[in-house]
Each structure stands twice: as structure tokens, then as C-alpha cells.
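The values are calculated or read from the model by the stated rules, or taken from the named source; none is laboratory data. Keep in mind that what you see is a predicted model, and the values were worked out from it rather than measured. As a convention, Cβ positions derive from the backbone with ideal geometry for all residues, glycine included, and neighbour counts pool all protein chains shown. Accessible surface is based on the protein model in full, side chains and every heavy atom, while ligands, DNA and RNA are left aside. Shrake-Rupley method; radii C 1.70, N 1.55, O 1.52, S 1.80 Å.
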Number of protein chains: 2
Amino acid sequence: MIFTSVRTEGEDQGYGKMAEQMVELAKQQPGFLGVESVRDANGFGITVSYWESEEAIRAWKGHAAHQIAQERGKAEWYANYTVRVAKVEREYGME
Amino acid sequence: MIFTSVRTEGEDQGYGKMAEQMVELAKQQPGFLGVESVRDANGFGITVSYWESEEAIRAWKGHAAHQIAQERGKAEWYANYTVRVAKVEREYGME
């Protein structure tokens, strides 16, 4: 799951703490494989989380605490965001 | 295509200029749909580029100027990187 977002300007408004909590909570979910996240000084961020299945992604999207975070995200923290669900077909790295 | 990377420490070594050139070149390739890229102050970056097809991705990987950049990336600019080719299945954004 690829999550690109732009933060609202101004105060943190509890975002940093919630973001950390959501990463910790995601790690405890069934089917979680990993997460990589980066945000630059302009407030643009990309978070990629890896899951075993579509079912695992849907379950995480519907998790009660995550839903609260999502609502606050829409209302307070994000000026804009896009979610893309994508299936990894192949992968390679530095030899 | 999801490209996660860690920059080598120290000087830029021409990286910034090459990265810009590669984005401009990618935009001119057949099947290119878009690119989003972010790197934080610790040198960790995620670049996601979107392409119409696997064929377009393979052609871009094999592009002569891009191959030179890839070789310099391995030799000089990246301490580590991973490439994941993934197929977008669905997408949604902020209402």
C-alpha cells in the first residue's frame, strides 16, 4: 500500500505521536510484512506498507484505532493524500 | 515502481543534478504516467514512478543514459537500495 500525503501547515497537532502509534499498531496486525516511511521538510511524505494479502490491508483499514487516526488525518493533518493498493510482482536490490 | 534507497554519506558527488536529469528524461519516455519522490535529512528516500506497462518499465531500465546513472548509483551514490515492481490495483484519495 502506497500512501502519499501532504501535511497541513502549522502545528504538529498530535500528528507525530499518532503516526508513531499507528506504525507500532500496524506491526502487530496479521499479515503485516513491513513499512517504510519518509517525509521531507516541505511536508510531502510517502509511506509504503507491505502486507501479505488484500484481506490484511482491508482489515488494517477497518481497525478501530486506525479509523480514528484516518478521520483525524482527513480533518486536521493532511492537506491532501492518495492511497494506492498495489501488488508487488518482483523485487531486486543492490548486489 | 517503488525505489527505496539510502544515500552514501558525505558529498553530493553530482547526485542532485543527475537525479533531476533522470526525472526529466523519465517524463519523456513512452508509457510514463508520473513520479513522486521524497528524501529525508538522514538520506533515506522513496521514489515511486508510475508506468502504463511492464514493457515501459523494462524499456526505462534499459535506457542508455539511465543505465549510466544506475551504474554510478551502485558505485557512488547509494549505500543500499531496493526496487519493487508493483501493479496498482485500486486507488483512492481525500474526498
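Under a point spin-label approximation (7 Å from Cα along Cα-to-Cβ), what is the A:Asn42-A:Thr8 distance to one decimal in nm?
2.1 nm
Could you please tell me the mean projected area of the C-alpha convex hull for the protein assembly as shown, averaged over all directions and given in square nanometres to one decimal?
Details: hull surface 45.6 nm².
Average projection, Cα convex hull of the protein assembly as shown: 11.4 nm².
Take every Cα-Cα pair in region A:2-84 and report what % of them are more than 16 Å apart.
Details: 1763 of 3403 pairs.
Cα-Cα pairs in region A:2-84 separated by more than 16 Å: 52 percent.
What residues does region A:17-39 have that are buried by at least 40 Å² of accessible area in the full protein assembly compared to the chain on its own, 1.4 angstrom probe?
Those are A:Glu36, A:Val38, which lose 40 Å² or more relative to the chain on its own.
Within region A:1-40, which residues have the backbone N less than 19 Å from the label spot 7 Å out from A:Glu76 along Cα→beta-carbon, could you tell me?
A:5-25
For the pair B and A, how large is the buried accessible area, both sides, in square angstrom to the nearest 100, if the probe is 1.4 Å? It would help to have the intermediate numbers written out before the result.
Values: alone 7180 and 7190 Å², together 11030 Å².
Separately minus together, B and A give about 3300 Å² buried.
Can you tell me the accessible area per residue over region B:1-49, all protein chains present, probe 1.4 angstrom, in square angstrom?
Values: 2720 Å² over 49 residues.
Spelled out: the 1.4 Å probe surface of region B:1-49, per residue, equals 55 Å².
Between A:Glu55 and B:Glu95, what is the label-to-label distance in nm when each label sits 7 Å out along the Cα-to-Cβ direction?
2.9 nm
Could you name the lysines in cross-link range of B:Lys74, using Cα to Cα under 20 Å and dropping any fewer than eight places away on the same chain?
Within the straight-line cut-off, B:Lys74 pairs with B:Lys17, B:Lys61.
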